[in-house]
Amino acid sequence: MEPPHIVTSQHAGTDRRPWVVGISGASGTPYAASVLRGLLAAGEAVDLVVSRASRLTLRDETGISFRDAHWRTDLREWLARGADGKPDTFPVTEADLADVRHWPAGDLAAGPSSGSYPAKGMLIVPASTACVAGVALGLSKDLLQRTASVTLKERRKLVVAVRETPLNGQTLKHLVALDEAGAVVLPASPAFYAGATHIQDLVDFVAGRALDAAAVPHGLYRRWEGELGGASRGSGGGGGAPHGEGGGDVGRPSRNR
């Protein structure tokens, strides 16, 4: 599939309306990386909130330390890494990250903590059960949970990509509460009908479904067209290489897998 390229952001001025991406401590940091690449490839502005627990998970799953003082360098290294752990799979430049803003998780006075902050909505990818509980109960113990509460009260789109198995009864009740509050509950559940041939294809399917829920255009996976066996006769899944319009390199693998 022909990938989209990063386009010059249209949100860099006073009319900037970002998507807030919250990353909790659940396993699944490749899902978050794919969502971020998809948003950037679509020309969307991004506000990033990385919880304290997620930094431990990121270090464990990728070996990358996410540091507040060096977040742009660390983010660039992370987004360049494939789901299989190989570095420099995706070319990511400083220009690609020009319209990304990072807010420390402990900063409860940050922009996204207020309903007057002009955000489009929020995606929590991945969402741990602790994060799900905190948002469902309105605890607002950190910026991630507070921003999610603001998103709900302002009736903006909230996508919660829960990543846990099995789910106990209490978490199921919390997920129902989020659904009733207007959130999209999106389990990180890869599908195989898209013709996946690589772990990146499975990751990109989940990320693509999250972007679908946010109505952000992408080409991260092969869509169902009503033909049995169509994926197996095609060229495989999206493979981390979304197709679409635009003009840069985020989302395009830099080498064959």
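The values are calculated or read from the model by the stated rules, or taken from the named source; none is laboratory data. Since we're looking at a predicted model, the values are computed, not measured. We place every Cβ from the backbone using ideal geometry, glycine too, and count neighbours over all the protein chains shown. Surface areas here come from the heavy atoms of the whole protein model, side chains and all, with no ligands, DNA or RNA. Shrake-Rupley method; radii C 1.70, N 1.55, O 1.52, S 1.80 Å.
Measure up Lys86/Lys153; Lys141/Lys173; Lys86/Lys173 against 31 Å on the Cα-Cα distance and list the ones that go over. Could the numbers behind the result be given before it?
Working: Lys86/Lys153 40 Å; Lys141/Lys173 20 Å; Lys86/Lys173 38 Å.
Exceeds cut-off: Lys86/Lys153; Lys86/Lys173.
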Requested in this report: Treating the Cα atoms of the range 146-188 as identical point scatterers in vacuum, please give the log10 of the normalised Debye intensity I(q)/I(0) at q = 0.20, 0.21 Å⁻¹, two decimals.
Outcome: -0.62, -0.67
Requested in this report: Could you list which residues have their amide H under 5 Å from that of Arg101, counting only those 5 or more apart in sequence or on another chain, with H placed in the peptide plane?
Outcome: Val46, Asp47, Leu48
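For the range 46-176, would you read off the P(r) tail past 20 Å as a percentage of all alpha carbon pairs?
Working: 4233 of 8515 pairs.
Counting pairs separated by more than 20 Å, the tail of P(r) holds 50 percent.
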**Report entry** Accessible surface of Trp224 - all protein chains present, 1.4 Å probe, nearest 10 Å²
**Finding:** 140
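If you add up the charges near Ser113, with Lys and Arg at +1 and Asp and Glu at -1, over every other residue whose beta carbon is less than 13 angstrom from its beta carbon, what do you get?
Details: positive: Lys141, Arg146, Lys153; negative: Asp47, Asp107, Asp142, Glu154.
Local net charge: -1.
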Report task. Sticking to Cα atoms, compute the Rg of the range 156-218 to one decimal and its Dmax as the biggest Cα-Cα distance, whole number, in Å. Result -> 13.1, 37
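Which three semi-axes in whole Å describe the equivalent ellipsoid of the range 105-222, each the square root of 5 times a Cα gyration tensor eigenvalue, listed largest first? Each step should come with its number before you reach the end.
On the way: eigenvalues 132, 60, 28 Å².
Largest first, the range 105-222 gives 26, 17, 12 Å.
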Query raised in the report: Once the other residues with Cβ under 10 Å from the Cβ of Pro104 are scored (Lys, Arg +1; Asp, Glu -1), what is the net sum?
Result: -2
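Leaving out ligands, DNA and RNA, and with a 1.4 Å probe, what % of the accessible surface on the range 9-92 is carbon or sulfur?
On the way: 1490 of 3270 Å².
The nonpolar share, carbon plus sulfur, comes to 46 percent.
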Query raised in the report: If we count every other residue with Cβ under 14 angstrom of Phe66's Cβ, Lys/Arg +1 and Asp/Glu -1, where does the sum land?
Result: +2
Query raised in the report: Just how much of His174 is accessible, in Å², when a 1.4 Å probe is used and the result is rounded to the nearest 10?
Result: 30
